[in-house]
Structure formats: structure tokens, C-alpha cells
1. Identify all residues within segment 111-129 that are surrounded by 16 or more Cβ atoms within 10 Å (Cβ to Cβ) and either on the phi > 0 side of the Ramachandran plot or under 23 Å from the mean Cα position of the chain (by Cα) (or both); write none if there are none.
2. Any residue in segment 336-352 that's among the β-branched types (Val, Ile, Thr): show its pairings with residues that are open to solvent by 60 Å² or more (accessible area, probe 1.4 Å) at Cβ separation under 8 Å, as long as the two are six or more apart or on different chains.
3. So which pairs qualify, if the first residue must be in segment 163-184 and in contact (Cβ under 8 Å) with a residue 60 or more places away in the chain and closer than 18 Å to Thr109 by Cα, the second must be open to solvent by 70 Å² or more (accessible area, probe 1.4 Å) and of a type outside the set (Val, Ile, Thr), the Cβ gap must be under 8 Å, and the two must be at least 6 apart or on different chains?
4. Looking at segment 258-293 only, could you name the residues that are more than 15 Å from Cys337 (Cα to Cα), out of contact with any strand residue (DSSP E or B) (no Cβ under 7 Å at 6 or more places or on another chain) and not hydrophobic (A, V, I, L, M, F, W, C)?
5. Out of curiosity, is Pro204 at pLDDT 85 or above, open to solvent by 70 Å² or more (accessible area, probe 1.4 Å) and not assigned by the TED database to the domain that holds Arg103?
6. Just checking, how many residues over segment 283-305 are open to solvent by 30 Å² or more (accessible area, probe 1.4 Å) and in a loop (DSSP other than H, G, I, E, B)?
7. Does any residue of segment 264-282 turn out to be touching a helix residue (DSSP H, G or I) at 6+ places or on another chain (Cβ under 7 Å), open to solvent by 10 Å² or more (accessible area, probe 1.4 Å) and outside any loop (DSSP other than H, G, I, E, B)?
Amino acid sequence: MKSDDSQFFLRNLDVKGQRGTSRKKNGARRGVVRAATELVKGKKARCSTCRESSKASALLSTGFGKHSRGKPTPALAVSSATSLFSLWIGAPYAMALVSADSRIAELLTELHQLIKQTQEERSRSEHNLVNIQKTHERMQTENKISPYYRTKLRGLYTTAKADAEAECNILRKALDKIAEIKSLLEERRIAAKIAGLYNDSEPPRKTMRRGVLMTLLQQSAMTLPLWIGKPGDKPPPLCGAIPASGDYVAKPGDKVAARVKAVDGDEQWILAEVVSYSHATNKYEVDDIDEEGKERHTLSRRRIIPLPQWKANPETDPEALFQKEQLVLALYPQTTCFYRALIHTPPQRPQDDYSVLFEDTSYADGYSPPLNVAQRYVVACKEPKKK
């Protein structure tokens, strides 16, 4: 937003003593966000109240204070501090959404080019691999290893190694682009939330169906990136079973296991999303991921366990996985609650889940039959194992 447009916008936010209907308030709020979005794009916007089309900057500067079917309306129909704040933050966050969309489009184009380069590099290296195979076949036919073949193979293998490293570098760049796109999408979702799409003054939205929520949680687990380090690299914190560092602070939008008090007074671990963190109080604000019991909790750091941000590869980094009979907190299938469990079988391949035994007094041995839980939803349990 230009400086002069910002001044007009701020000046028109002075609505002391003015009143408007709920319908006008909602229309004004949506209009500001829409006009701010169009202002970045350099397009025209339409007034939410009178539906008259005009330049977005003009609509912002007048605060949509035009007319509604021939009747005068307030400059901005806002009647509470909450609505006013929502209106104020809506414009910059709407512009942030447009900026994120633009950057994502750029990254997708770059990713497409990297994928093409990978295919070209692979096609080029295949010719060299065919030569290696043919050379070995000739050696077997002649049943001898001459100095000529030895020198030739050394050169072919050196080239193959260089080709593989070049392809690997391109793939790492592509993975970095994918990670940046996912990060921008998450930032965009949070910006949309802050911009007022979940504002308390708006009419309540339909609750997400439980089946849809469970599907989203499964997709989140499946798309968790696999940690692929260079030779000699150790898995970082929050890779598989490796905990976060002592000074780690989860970012807004991060998913965590949070220990909260239930309605009956008992404490339980739930899947939650970080809203904010206060360095002054060392406390988090988190939202229950389950919309049926949508609540906001203020919790100390010791009641928060960040979820893994990478899957550990059992074939290259088995030490980054929980081991058999280790006590953990695992998300019970088809729920949003974590319960104590023992590792029955760690993953054997990168795409495999843990097999865990949940503590359950309804069974003779005190544990449920083995159930599969993704790496994404298995964290360390600091509580002692029950005897």
C-alpha cells in the first residue's frame, strides 16, 4: 500500500460515535481486504455496500463511505474495537497473501525447470552407464583384465560419479524449492487466518467434518519430508525421534502435542496448533486441532512437545528412530489425542509407520494389539513406564 493510501485509510478509521448494522460491518471488512488485494494487483475493486466499481486505492481512501441504494452510510460501519482491529490488519495481510501467491508461482516455475534438468542429466548419464556395462561384458568375454580396460573403466566410473553428484545437487535444489513452497503455503494460511477469516465477530463457520480432519492429518503425515543428508551429516533436531533443542521455540502454525486439562479435570495430550509464544512469560498459546472442541489454551513450555519436521530414514539413520519397547506418546488412530505406548516395531523402510502397543487396561497384559502410527505423530514420553 502506498504511503498516501495508508494515511487515507488510517484517517477514515476514526468512526467514533458511528453505528452500522452487522451486515454493513461484515461488508465493509470484506471490502477492505478485497480492495487491498486488488490495490497490489493494480486492478479495480467493487464496493461491498453499493457494488459500485472503482479504483481500489479510491475505495480504501474513502473507506467505502459512499451510498447504499441511494441512502447515506457511515465511512466505515464498525462498532467495536475488535472489529476495528480486524479491519485494520485485514489490508496488509491481504497484500501479504498476494505476495505469497506471486512467490509461489515463481518457485513452481523454478521447480519445473529443475525437474527438467534432472531428467536431462539422467538421460545424459545413461549413455555412460551403458558403456560401463558393455565394457564389463567384453572383459568377461575375453576373460582378462588388460591395462586398457582398467584405464577405460577408471575413466568411465569417474564420469559416472560426477554425473551422479550433479544429479544429486539438482535434486537437493528441487527439494529446497518444495520446502520453501510448503513454508509459504503455511504462512499464507496463517495470514488468511489473521486477516479475519476466523474472526470472532463473523458468523460461525461450519465445523469441519471429522472424516475430512482425519484425512488431512493422514496427508500431513504422508507429505512429511524425508531427511536426506550429505555423507557424514547427522540428522538434525526434530528429525524422527531426535528432540528439539533446549532453546527451540515453535513457530505459529506448527503442530505440537499439548498437555491440557479435560472437561472432567483429568489431563490429556492433544494435537494442537501454535498460535503464538510469549518470551516474557515463556508460555504458548495453542488451538485444539479438533474443531469439535475448539479451544485456545495458554501453556508453559514443559506442556508442549514439538512434532517431528522430518521423517528419519531407517536405512541410513536408524539411530534417529525410537527403538523397540521404548516408551512414547503416539496419536491414537482416528483421534486427535496422544496416549502412552510402547514401540512394537520401528519402521524398516522410509515409507513405513511405527507399530505401537497402546496402554489399555481392558487387555490382560495391559496393552492393545499392535497399531500403526506415522512418524509424524510419535514423540518421546518423559513420564516413567507403568509397572
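1. Of everything in segment 111-129, those that are surrounded by 16 or more Cβ atoms within 10 Å (Cβ to Cβ) and either on the phi > 0 side of the Ramachandran plot or under 23 Å from the mean Cα position of the chain (by Cα) (or both) turn out to be Leu111, Leu114.
2. From segment 336-352, the pairs are Ile343/Gln323; Ile343/Lys324; Ile343/Glu325; Ile343/Gln326; Thr345/Lys324; Thr345/Pro370.
3. Filtered contacts from segment 163-184: Ile181/Leu108; Leu184/Arg103.
4. Initially, segment 258-293 is screened for residues more than 15 Å from Cys337 (Cα to Cα), giving 264-265, 274-285.
Cutting the leftovers down to out of contact with any strand residue (DSSP E or B) (no Cβ under 7 Å at 6 or more places or on another chain) gives us 264-265, 278-281.
The answer is Asp264, Gly265, Ser278, His279, Thr281.
5. Here the answer is no, as Pro204 does not meet what is asked.
6. Residues flagged as open to solvent by 30 Å² or more (accessible area, probe 1.4 Å) and in a loop (DSSP other than H, G, I, E, B) within segment 283-305 amount to 2.
7. No; the residues of segment 264-282 include none that is touching a helix residue (DSSP H, G or I) at 6+ places or on another chain (Cβ under 7 Å), open to solvent by 10 Å² or more (accessible area, probe 1.4 Å) and outside any loop (DSSP other than H, G, I, E, B).
Rundown of residues vs (1) over 30 Å from Ile181 (Cα atoms); (2) modelled with pLDDT of 90 or more, yes/no style:
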site: Trp88; (1), (2): no, no
site: Asp101; (1), (2): no, no
site: Gln113; (1), (2): no, yes
site: Lys144; (1), (2): yes, no
site: Thr151; (1), (2): yes, yes
site: Leu156; (1), (2): yes, yes
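The values are calculated or read from the model by the stated rules, or taken from the named source; none is laboratory data. All figures in this text were calculated on a predicted structure; none of them were measured in a lab. All Cβ positions, even for glycine, are placed from backbone atoms using ideal geometry, and neighbour counts span all protein chains on display. We work out accessible area using only protein heavy atoms, side chains counted, and drop any ligands, DNA or RNA first. Shrake-Rupley method; radii C 1.70, N 1.55, O 1.52, S 1.80 Å.
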